[in-house]
Amino acid sequence: MARSERLFLSPPHLFGKEREYVADVFASNYIAPAGPMLGRFERAVADAVGPGFSACALSSATAAIDLICDGLTIGAGDVVVCPSLTFIASIAPAVRRGARPYFVDADPDSWTLSPDALEEALAALARQGHRAKAVVAVDLYGQCCDYARIAPVCAAHGAILVEDAAEALGATCRDADGVWRPAGSFGAASVFSFNGNKIATASGGGMLVSRDAALVEQARFLSQQAKEPRPYYYHERLGYNYRMSNVSAAIGLGQFETLASKVRRRREIFAQYRAALPELAFLPEPPWSRGSRWLTVALLDDTCQVEAAIAALEAENVEARRVWNPMHLQPVFAAAQHGSCDVAESLFNRGICLPSGDGMEDTDVAFVAETLRRVLFGGA
Ligand SMILES: *Cc1c(COP(=O)(O)O)cnc(C)c1O
(Lines give C-alpha, C1' and ligand atoms only; values in the text may rest on other atoms or scores of the structure.)
Protein backbone atom coordinates (compact mmCIF):
# COMPACT_ATOMS: atom_id res chain seq x y z
CA MET A 1 0.00 0.00 0.00
CA ALA A 2 1.32 3.45 -0.92
CA ARG A 3 2.39 5.79 1.85
CA SER A 4 -0.38 8.16 2.87
CA GLU A 5 2.04 11.02 3.43
CA ARG A 6 4.08 12.00 0.40
CA LEU A 7 7.83 11.67 0.72
CA PHE A 8 9.35 14.65 -1.08
CA LEU A 9 12.83 14.89 -2.55
CA SER A 10 14.08 17.65 -0.24
CA PRO A 11 11.33 19.39 1.70
CA PRO A 12 11.93 22.16 4.24
CA HIS A 13 12.75 20.92 7.74
CA LEU A 14 12.42 23.50 10.49
CA PHE A 15 13.51 22.67 14.02
CA GLY A 16 15.55 25.69 15.13
CA LYS A 17 14.60 29.22 16.12
CA GLU A 18 12.79 30.04 12.85
CA ARG A 19 9.41 30.71 14.55
CA GLU A 20 11.00 32.79 17.29
CA TYR A 21 12.84 34.93 14.74
CA VAL A 22 9.72 35.38 12.62
CA ALA A 23 7.87 36.42 15.80
CA ASP A 24 10.66 38.97 16.43
CA VAL A 25 10.16 40.30 12.92
CA PHE A 26 6.42 40.70 13.53
CA ALA A 27 7.13 42.45 16.82
CA SER A 28 9.51 44.88 15.13
CA ASN A 29 7.09 45.36 12.18
CA TYR A 30 9.93 45.10 9.66
CA ILE A 31 7.74 43.06 7.29
CA ALA A 32 9.75 44.44 4.38
CA PRO A 33 12.85 43.93 2.27
CA ALA A 34 14.67 45.85 5.01
CA GLY A 35 15.26 45.27 8.69
CA PRO A 36 17.61 43.83 11.30
CA MET A 37 17.25 40.13 10.39
CA LEU A 38 18.83 40.75 6.98
CA GLY A 39 22.04 42.02 8.55
CA ARG A 40 22.13 39.18 11.09
CA PHE A 41 21.55 36.55 8.43
CA GLU A 42 24.20 38.06 6.14
CA ARG A 43 26.73 38.29 8.96
CA ALA A 44 26.14 34.67 10.00
CA VAL A 45 26.62 33.34 6.46
CA ALA A 46 29.62 35.58 5.67
CA ASP A 47 31.37 34.61 8.93
CA ALA A 48 30.82 30.91 8.21
CA VAL A 49 32.39 31.28 4.75
CA GLY A 50 35.47 32.84 6.27
CA PRO A 51 37.17 35.92 7.69
CA GLY A 52 36.98 38.94 5.42
CA PHE A 53 33.86 37.84 3.54
CA SER A 54 30.80 40.02 3.00
CA ALA A 55 27.33 38.85 2.01
CA CYS A 56 24.17 40.29 0.49
CA ALA A 57 20.81 38.54 0.96
CA LEU A 58 18.70 38.50 -2.20
CA SER A 59 15.40 37.16 -3.49
CA SER A 60 17.09 34.12 -5.09
CA ALA A 61 20.43 32.63 -6.05
CA THR A 62 19.51 33.40 -9.65
CA ALA A 63 19.31 37.09 -8.70
CA ALA A 64 22.69 36.73 -6.95
CA ILE A 65 24.26 35.29 -10.11
CA ASP A 66 22.68 38.09 -12.14
CA LEU A 67 24.21 40.71 -9.83
CA ILE A 68 27.61 38.98 -10.04
CA CYS A 69 27.36 39.21 -13.84
CA ASP A 70 26.57 42.90 -13.41
CA GLY A 71 29.48 43.42 -11.02
CA LEU A 72 31.91 41.63 -13.33
CA THR A 73 30.43 43.52 -16.34
CA ILE A 74 29.69 40.27 -18.15
CA GLY A 75 28.00 41.30 -21.36
CA ALA A 76 27.66 40.94 -25.12
CA GLY A 77 30.36 38.82 -26.66
CA ASP A 78 31.97 37.65 -23.43
CA VAL A 79 32.58 33.92 -23.18
CA VAL A 80 31.45 32.28 -19.96
CA VAL A 81 32.46 28.68 -19.28
CA CYS A 82 30.13 26.49 -17.25
CA PRO A 83 29.72 22.75 -16.62
CA SER A 84 27.04 21.25 -18.82
CA LEU A 85 25.69 19.23 -15.90
CA THR A 86 23.88 21.86 -13.85
CA PHE A 87 20.63 23.74 -13.41
CA ILE A 88 20.00 26.44 -16.01
CA ALA A 89 20.20 29.26 -13.43
CA SER A 90 24.00 28.83 -13.30
CA ILE A 91 24.34 30.29 -16.78
CA ALA A 92 21.02 31.92 -17.78
CA PRO A 93 21.81 35.37 -16.27
CA ALA A 94 25.07 35.62 -18.26
CA VAL A 95 23.43 34.49 -21.50
CA ARG A 96 20.56 36.94 -21.03
CA ARG A 97 23.20 39.69 -20.93
CA GLY A 98 24.54 38.54 -24.28
CA ALA A 99 27.41 36.35 -23.10
CA ARG A 100 28.28 33.22 -25.10
CA PRO A 101 28.23 30.06 -23.00
CA TYR A 102 30.80 27.31 -23.43
CA PHE A 103 29.80 24.03 -21.79
CA VAL A 104 32.31 21.63 -20.30
CA ASP A 105 32.00 18.02 -19.18
CA ALA A 106 31.79 16.61 -15.65
CA ASP A 107 34.56 14.69 -13.92
CA PRO A 108 33.56 11.00 -13.53
CA ASP A 109 35.15 10.91 -10.05
CA SER A 110 33.21 13.84 -8.58
CA TRP A 111 30.50 14.65 -11.19
CA THR A 112 31.55 18.30 -10.82
CA LEU A 113 33.33 20.48 -13.41
CA SER A 114 36.23 18.45 -14.84
CA PRO A 115 39.55 20.31 -14.35
CA ASP A 116 41.02 18.55 -17.41
CA ALA A 117 38.04 19.40 -19.61
CA LEU A 118 38.14 22.98 -18.31
CA GLU A 119 41.82 23.28 -19.18
CA GLU A 120 41.10 21.93 -22.67
CA ALA A 121 38.19 24.33 -23.15
CA LEU A 122 40.20 27.38 -22.10
CA ALA A 123 43.09 26.29 -24.33
CA ALA A 124 40.70 25.72 -27.27
CA LEU A 125 39.24 29.19 -26.73
CA ALA A 126 42.76 30.67 -26.62
CA ARG A 127 43.56 29.02 -29.98
CA GLN A 128 40.46 30.75 -31.41
CA GLY A 129 41.79 34.04 -30.05
CA HIS A 130 39.27 34.21 -27.21
CA ARG A 131 39.69 34.41 -23.50
CA ALA A 132 36.88 33.24 -21.22
CA LYS A 133 35.81 36.16 -19.08
CA ALA A 134 34.49 33.94 -16.31
CA VAL A 135 34.12 30.33 -15.28
CA VAL A 136 30.97 29.51 -13.33
CA ALA A 137 31.95 26.41 -11.34
CA VAL A 138 29.00 24.52 -9.85
CA ASP A 139 29.13 22.63 -6.54
CA LEU A 140 26.84 19.82 -7.62
CA TYR A 141 24.34 18.06 -5.34
CA GLY A 142 26.21 19.39 -2.30
CA GLN A 143 29.74 18.58 -3.43
CA CYS A 144 32.38 21.22 -4.17
CA CYS A 145 34.42 21.24 -7.36
CA ASP A 146 38.11 20.34 -7.17
CA TYR A 147 39.18 23.93 -6.57
CA ALA A 148 42.78 22.99 -5.81
CA ARG A 149 42.99 22.25 -9.55
CA ILE A 150 40.31 24.52 -10.99
CA ALA A 151 41.43 27.78 -9.36
CA PRO A 152 44.97 27.67 -10.87
CA VAL A 153 43.56 26.78 -14.32
CA CYS A 154 41.25 29.81 -14.20
CA ALA A 155 44.08 32.04 -13.00
CA ALA A 156 46.45 30.83 -15.72
CA HIS A 157 43.89 31.77 -18.38
CA GLY A 158 42.81 35.06 -16.81
CA ALA A 159 39.23 33.85 -16.23
CA ILE A 160 37.35 35.02 -13.14
CA LEU A 161 36.15 32.11 -11.00
CA VAL A 162 32.50 32.37 -9.96
CA GLU A 163 31.23 29.70 -7.57
CA ASP A 164 27.64 28.54 -7.87
CA ALA A 165 27.34 26.96 -4.43
CA ALA A 166 23.52 27.10 -4.59
CA GLU A 167 23.32 23.39 -3.68
CA ALA A 168 26.38 23.19 -1.45
CA LEU A 169 25.78 25.21 1.72
CA GLY A 170 27.63 23.30 4.46
CA ALA A 171 30.06 21.47 2.16
CA THR A 172 33.84 21.79 2.47
CA CYS A 173 36.72 21.19 0.11
CA ARG A 174 40.52 20.98 0.40
CA ASP A 175 42.28 23.83 -1.39
CA ALA A 176 45.69 23.87 -3.13
CA ASP A 177 47.43 24.48 0.23
CA GLY A 178 45.74 21.46 1.79
CA VAL A 179 43.42 23.68 3.86
CA TRP A 180 39.77 22.64 4.22
CA ARG A 181 37.53 25.56 3.31
CA PRO A 182 33.75 25.97 3.10
CA ALA A 183 31.78 26.06 -0.14
CA GLY A 184 31.36 29.66 -1.20
CA SER A 185 34.93 30.63 -0.28
CA PHE A 186 36.48 29.65 -3.61
CA GLY A 187 34.90 32.04 -6.10
CA ALA A 188 35.84 35.68 -6.63
CA ALA A 189 32.11 35.81 -5.94
CA SER A 190 29.83 32.96 -4.90
CA VAL A 191 26.16 32.25 -4.37
CA PHE A 192 24.01 30.12 -2.10
CA SER A 193 20.34 29.32 -2.64
CA PHE A 194 17.75 29.32 0.13
CA ASN A 195 14.97 28.01 -2.09
CA GLY A 196 12.47 25.65 -0.49
CA ASN A 197 14.17 22.50 -1.78
CA LYS A 198 17.73 23.35 -0.77
CA ILE A 199 19.39 22.15 2.45
CA ALA A 200 18.44 25.35 4.28
CA THR A 201 15.52 27.48 3.16
CA ALA A 202 14.36 31.04 3.67
CA SER A 203 11.11 30.03 1.88
CA GLY A 204 12.93 31.38 -1.15
CA GLY A 205 16.05 33.47 -1.38
CA GLY A 206 19.72 33.60 -2.20
CA MET A 207 22.97 35.01 -0.88
CA LEU A 208 25.89 36.60 -2.70
CA VAL A 209 29.20 36.22 -0.85
CA SER A 210 32.60 37.62 -1.69
CA ARG A 211 35.84 38.92 -0.23
CA ASP A 212 35.31 41.90 -2.53
CA ALA A 213 33.31 44.17 -0.21
CA ALA A 214 32.82 46.73 -3.00
CA LEU A 215 31.21 44.14 -5.27
CA VAL A 216 28.86 43.07 -2.45
CA GLU A 217 28.00 46.70 -1.62
CA GLN A 218 27.24 47.43 -5.25
CA ALA A 219 25.02 44.34 -5.43
CA ARG A 220 23.13 45.55 -2.35
CA PHE A 221 22.71 48.99 -3.91
CA LEU A 222 21.51 47.62 -7.26
CA SER A 223 19.19 45.10 -5.58
CA GLN A 224 17.19 48.03 -4.16
CA GLN A 225 16.61 49.98 -7.39
CA ALA A 226 19.94 51.84 -7.32
CA LYS A 227 18.58 54.71 -5.24
CA GLU A 228 21.34 57.25 -4.76
CA PRO A 229 21.66 58.51 -1.17
CA ARG A 230 19.79 61.79 -1.60
CA PRO A 231 16.66 63.14 0.07
CA TYR A 232 14.72 62.51 -3.17
CA TYR A 233 14.67 59.74 -5.81
CA TYR A 234 17.78 60.04 -7.92
CA HIS A 235 19.21 57.33 -10.17
CA GLU A 236 22.51 57.26 -12.01
CA ARG A 237 22.10 53.59 -12.91
CA LEU A 238 19.37 51.05 -13.56
CA GLY A 239 18.83 48.73 -10.63
CA TYR A 240 16.72 45.71 -9.74
CA ASN A 241 14.19 44.73 -7.13
CA TYR A 242 16.17 41.74 -5.86
CA ARG A 243 16.44 42.29 -2.10
CA MET A 244 15.42 39.51 0.29
CA SER A 245 12.54 40.15 2.66
CA ASN A 246 13.33 40.58 6.36
CA VAL A 247 10.71 37.85 7.03
CA SER A 248 12.59 35.42 4.79
CA ALA A 249 15.86 36.38 6.47
CA ALA A 250 14.37 35.40 9.86
CA ILE A 251 13.53 31.93 8.53
CA GLY A 252 16.89 31.67 6.78
CA LEU A 253 18.82 32.63 9.91
CA GLY A 254 16.97 30.05 12.00
CA GLN A 255 17.69 27.43 9.36
CA PHE A 256 21.31 28.42 8.98
CA GLU A 257 21.95 27.97 12.72
CA THR A 258 20.95 24.29 12.38
CA LEU A 259 23.07 23.65 9.28
CA ALA A 260 25.64 21.36 10.91
CA SER A 261 22.89 19.04 12.11
CA LYS A 262 21.25 19.08 8.67
CA VAL A 263 24.50 18.12 6.96
CA ARG A 264 25.12 15.35 9.50
CA ARG A 265 21.63 13.93 8.91
CA ARG A 266 21.87 14.13 5.10
CA ARG A 267 25.19 12.30 5.21
CA GLU A 268 23.63 9.62 7.44
CA ILE A 269 20.76 9.22 4.99
CA PHE A 270 23.26 8.77 2.16
CA ALA A 271 25.17 6.16 4.18
CA GLN A 272 21.94 4.29 4.89
CA TYR A 273 20.99 4.21 1.18
CA ARG A 274 24.45 2.99 0.26
CA ALA A 275 24.41 0.25 2.87
CA ALA A 276 20.94 -0.87 1.75
CA LEU A 277 21.83 -0.86 -1.95
CA PRO A 278 25.47 -1.99 -2.18
CA GLU A 279 24.95 -3.05 -5.82
CA LEU A 280 24.56 0.58 -6.94
CA ALA A 281 27.11 3.28 -7.65
CA PHE A 282 26.44 6.62 -5.95
CA LEU A 283 27.79 10.13 -6.43
CA PRO A 284 31.42 9.53 -5.38
CA GLU A 285 33.15 11.65 -2.76
CA PRO A 286 36.84 12.17 -3.60
CA PRO A 287 39.40 12.58 -0.80
CA TRP A 288 39.48 16.37 -1.27
CA SER A 289 35.75 16.72 -0.65
CA ARG A 290 33.36 16.56 2.25
CA GLY A 291 29.94 17.23 0.77
CA SER A 292 26.61 18.04 2.35
CA ARG A 293 24.87 15.22 0.44
CA TRP A 294 22.12 17.71 -0.36
CA LEU A 295 20.67 14.91 -2.46
CA THR A 296 21.60 11.24 -2.55
CA VAL A 297 22.12 10.41 -6.22
CA ALA A 298 22.53 6.83 -7.51
CA LEU A 299 23.36 5.41 -10.92
CA LEU A 300 21.17 2.73 -12.48
CA ASP A 301 21.80 0.71 -15.66
CA ASP A 302 20.04 2.95 -18.16
CA THR A 303 17.27 5.51 -18.68
CA CYS A 304 14.67 2.78 -18.97
CA GLN A 305 15.50 1.56 -15.48
CA VAL A 306 15.61 5.11 -14.10
CA GLU A 307 12.14 5.83 -15.46
CA ALA A 308 10.78 2.54 -14.13
CA ALA A 309 12.25 3.33 -10.70
CA ILE A 310 10.77 6.83 -10.64
CA ALA A 311 7.36 5.42 -11.65
CA ALA A 312 7.51 2.69 -9.00
CA LEU A 313 8.43 5.24 -6.31
CA GLU A 314 5.68 7.57 -7.53
CA ALA A 315 3.18 4.70 -7.15
CA GLU A 316 4.27 4.57 -3.49
CA ASN A 317 3.78 8.35 -3.16
CA VAL A 318 7.54 8.95 -3.13
CA GLU A 319 9.16 11.72 -5.17
CA ALA A 320 12.35 10.91 -7.11
CA ARG A 321 13.88 12.80 -10.04
CA ARG A 322 16.25 12.47 -12.94
CA VAL A 323 19.68 14.08 -12.69
CA TRP A 324 20.06 17.56 -14.28
CA ASN A 325 19.58 17.43 -18.04
CA PRO A 326 22.89 18.80 -19.42
CA MET A 327 22.90 22.34 -20.80
CA HIS A 328 24.45 21.38 -24.15
CA LEU A 329 21.30 19.28 -24.81
CA GLN A 330 18.88 22.14 -24.08
CA PRO A 331 17.15 23.58 -27.17
CA VAL A 332 17.68 27.10 -25.82
CA PHE A 333 21.46 26.51 -26.01
CA ALA A 334 21.46 24.69 -29.35
CA ALA A 335 23.96 27.17 -30.80
CA ALA A 336 26.34 27.08 -27.81
CA GLN A 337 29.90 25.81 -28.03
CA HIS A 338 30.80 22.80 -25.94
CA GLY A 339 33.45 20.17 -25.53
CA SER A 340 32.70 16.47 -25.40
CA CYS A 341 30.13 15.99 -22.63
CA ASP A 342 29.94 12.19 -22.52
CA VAL A 343 30.18 11.97 -18.73
CA ALA A 344 27.40 14.53 -18.23
CA GLU A 345 25.19 12.67 -20.73
CA SER A 346 25.80 9.33 -19.09
CA LEU A 347 25.02 10.74 -15.62
CA PHE A 348 21.81 12.24 -16.99
CA ASN A 349 20.83 8.94 -18.60
CA ARG A 350 21.57 6.79 -15.56
CA GLY A 351 21.20 9.02 -12.52
CA ILE A 352 18.33 9.09 -10.05
CA CYS A 353 17.94 11.59 -7.17
CA LEU A 354 16.38 9.99 -4.09
CA PRO A 355 14.45 11.61 -1.25
CA SER A 356 17.10 13.13 1.01
CA GLY A 357 15.37 15.60 3.34
CA ASP A 358 17.04 15.83 6.74
CA GLY A 359 13.63 15.33 8.37
CA MET A 360 13.41 11.75 7.01
CA GLU A 361 13.23 8.87 9.46
CA ASP A 362 15.40 5.78 9.06
CA THR A 363 12.20 3.87 8.25
CA ASP A 364 11.52 6.29 5.34
CA VAL A 365 14.97 5.67 3.88
CA ALA A 366 14.53 1.91 4.31
CA PHE A 367 11.14 2.10 2.55
CA VAL A 368 12.62 3.92 -0.46
CA ALA A 369 15.56 1.51 -0.64
CA GLU A 370 13.24 -1.53 -0.46
CA THR A 371 11.02 -0.13 -3.18
CA LEU A 372 14.07 0.45 -5.39
CA ARG A 373 15.38 -3.03 -4.64
CA ARG A 374 12.03 -4.54 -5.71
CA VAL A 375 12.07 -2.67 -9.06
CA LEU A 376 15.75 -3.20 -9.81
CA PHE A 377 16.37 -6.70 -8.55
CA GLY A 378 12.89 -8.13 -8.09
CA GLY A 379 13.82 -9.21 -4.55
CA ALA A 380 12.12 -8.46 -1.26
C1 LIG B 1 18.77 25.98 -7.11
C2 LIG B 1 19.92 26.36 -7.96
C3 LIG B 1 20.09 27.67 -8.44
C4 LIG B 1 19.05 28.72 -8.31
O5 LIG B 1 18.67 29.00 -7.02
P6 LIG B 1 17.38 29.93 -6.78
O7 LIG B 1 17.53 30.40 -5.38
O8 LIG B 1 16.19 29.01 -6.94
O9 LIG B 1 17.38 31.02 -7.78
C10 LIG B 1 21.23 27.97 -9.14
N11 LIG B 1 22.17 27.04 -9.41
C12 LIG B 1 22.04 25.76 -8.99
C13 LIG B 1 23.11 24.80 -9.28
C14 LIG B 1 20.90 25.38 -8.27
O15 LIG B 1 20.73 24.10 -7.90
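In table form, for the structure just shown:
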item	result
Derived scalar couplings ³J(HN,Hα) [the range 253-263; Karplus, 6.51 cos²θ - 1.76 cosθ + 1.60; whole Hz; x for Gly, Pro]	5, x, 5, 4, 5, 9, 4, 4, 5, 5, 4
Prolate/oblate/rounded call for the range 1-122, Cα gyration tensor, a/c under 1.5 rounded	oblate
Accessible surface of H338 - all protein chains present, 1.4 Å probe, nearest 10 Å²	90
Gained length - A260 relative to A226, 0.36 nm times residue gap less alpha-carbon distance	8.6 nm
Fraction of beta bridges assigned by DSSP in the chain that are antiparallel (%, nearest 5)	55
Karplus-derived 3J(HN,Hα), 6.51/-1.76/1.60, for each residue of the range 301-315, Hz, glycine and proline x	5, 7, 4, 4, 5, 4, 5, 5, 5, 5, 5, 5, 5, 4, 4
Segment D116-N29, extension gain: residue separation times 0.36 nm, minus the distance between their alpha carbons	26.1 nm
Long-range HN-HN contacts of R100 with modeled amide H, under 5 Å	G77, D78, V79, V80
Computed magnitude of the charge dipole of the range 1-133 (debye, nearest 20; Cβ of K, R +1, Cβ of D, E -1)	380
Estimated 222 nm signal from helices in the chain, with DSSP H stretches of n ≥ 4 weighted -39500 (n - 2.57), rounded to 500	-11500 deg cm²/dmol
Projected area, mean over directions - the range 183-258, Cα convex hull, nm²	6.1
Straight-distance crosslink candidates among lysines, where the alpha carbon sits under 16 Å from K17 and sequence neighbours closer than 8 are dropped	K262
Computed accessible area, E5, all protein chains, 1.4 angstrom probe, square angstrom	130
Selected from K17, K227, K133 as most flexible by GNM, with the chain as the system and alpha-carbon contacts under 10 Å	K227
Distance in nm between pseudo-label sites at R19 and A334 (7 Å out along the Cβ direction from Cα)	5.3
Phi-based couplings in Hz for the range 181-197 (Karplus 6.51, -1.76, 1.60; Gly and Pro marked x)	10, x, 3, x, 9, 9, x, 4, 8, 9, 10, 10, 10, 10, 5, x, 9
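The values are calculated or read from the model by the stated rules, or taken from the named source; none is laboratory data. None of these values were measured; they are calculated from a predicted model. Don't worry about glycine lacking a Cβ; one is built from the backbone with ideal geometry, like all the others, and counts go over all protein chains shown. Just so you know, the surface numbers come from the protein's heavy atoms only, side chains and all, with ligands and any DNA or RNA stripped out. Shrake-Rupley method; radii C 1.70, N 1.55, O 1.52, S 1.80 Å.
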